[in-house]
1. Using a 10 Å cut-off around each Cβ, can you sort 133, 71 from fewest to most neighbouring Cβ atoms?
2. Relative to the present Cα-Cα distance, how much length would full extension add between residue 136 and residue 164 at 0.36 nm per residue of separation?
3. Considering every Cα-Cα pair within the chain, what fraction, in whole percent, is farther apart than 23 Å?
4. Which FRET efficiency value, to the nearest 0.05, do you get for residue 64 and residue 108 by plugging their Cβ-Cβ distance into 1/(1 + (r/R0)^6) with R0 = 22 Å?
5. When the convex hull of the Cα atoms of the stretch 2-129 is projected onto a plane and the area is averaged over all directions, what value comes out in nm²?
6. Report the Stokes-Einstein translational diffusion coefficient (µm² s⁻¹, integer) for the stretch 132-232, Rh taken as the Kirkwood radius over Cα pairs, at 4 °C with viscosity 1.567 mPa s.
7. Can you compute the FRET efficiency between residue 48 and residue 202 using 1/(1 + (r/R0)^6), with r the Cβ-Cβ distance and R0 = 30 Å? Round to the nearest 0.05.
8. Tell me, what is the FRET efficiency for residue 145 and residue 2 to the nearest 0.05, using R0 = 25 angstrom and their Cβ-Cβ distance as r?
Amino acid sequence: MNIAICDDDKKICSQIENILLDYSNKNCLKVEIDVFFSGENLLSYLAQGNSYDLIYLDIEMGVINGVEVGFQIRKVMKNYATEIVYISGKDGYDRQLFDVQPLHFIPKPIQASTVIDDLKLAMERAKKINESFQYQKSHDFYKISINDIIYFESQNREIKIVTTNCEDMFYGKLEDIELKVAGYQFLRIHRSFLINYNHVAILRYSEVVMSNDVTLPIGRTKRQEFRNLQINEI
């Protein structure tokens, strides 16, 4: 697993790095860790085509804070695969952090158990992302990476599957698809739409904008549920 630590406090960076290295050595895990002391340096490195599975990202930094770094990763670079764990000694960032869809929030002072728990969660989610969804057309079977699926749409007796690479149609019921992808962060936002939450770029009261810039409606009966999701995300 490729991990980045970004904090302008070198002691915090060293602490998190040592926690991760100690845990990985004891559990025979292969991890590669890069350390950045500013948001600008991290963004510059990512802009060169590099990527990470997990980033431990401080919020209160110099010129570019962690919230802006997260926004650049999600909205500008269109990277919704990298898990982001925010670090801060302050509260009150709930609304801003929700827009970045972080994995978790770690308060200062840093606790080793929290850092390790987030590493475990990121690894578990990575396993699920690498799994596939299978569907049938006539006598042929097709497999699509779960992570590549943006949403499913019910159109009469057919299901439209929209991915990062293509679109396809097959016969089926959205209720059956919902059961197949249970546990993979797919959400039923409307009687006709089942979305991959990892591909939500913008969440509004009555609609969502997906990572492919398609806007989908949220059903009236689902809006409060999504409002609660927004509140409880952090």
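Since every read-out is calculated from the coordinates, none of them should be taken as a lab result. Everything quoted here is computed from the prediction, not taken from an experiment. We place every Cβ from the backbone using ideal geometry, glycine too, and count neighbours over all the protein chains shown.
1. By the 10 Å Cβ count, ascending, the order reads 71, 133.
2. 8.1 nm
3. 52 percent
4. Using R0 = 22 Å, I get an efficiency of 0.70.
5. Quarter of the Cα hull surface area: 7.3 nm².
6. D, rounded to a whole number, is 93 µm²/s.
7. Approximately 0.65, to the nearest 0.05.
8. Rounded to the nearest 0.05, the efficiency is 0.85.
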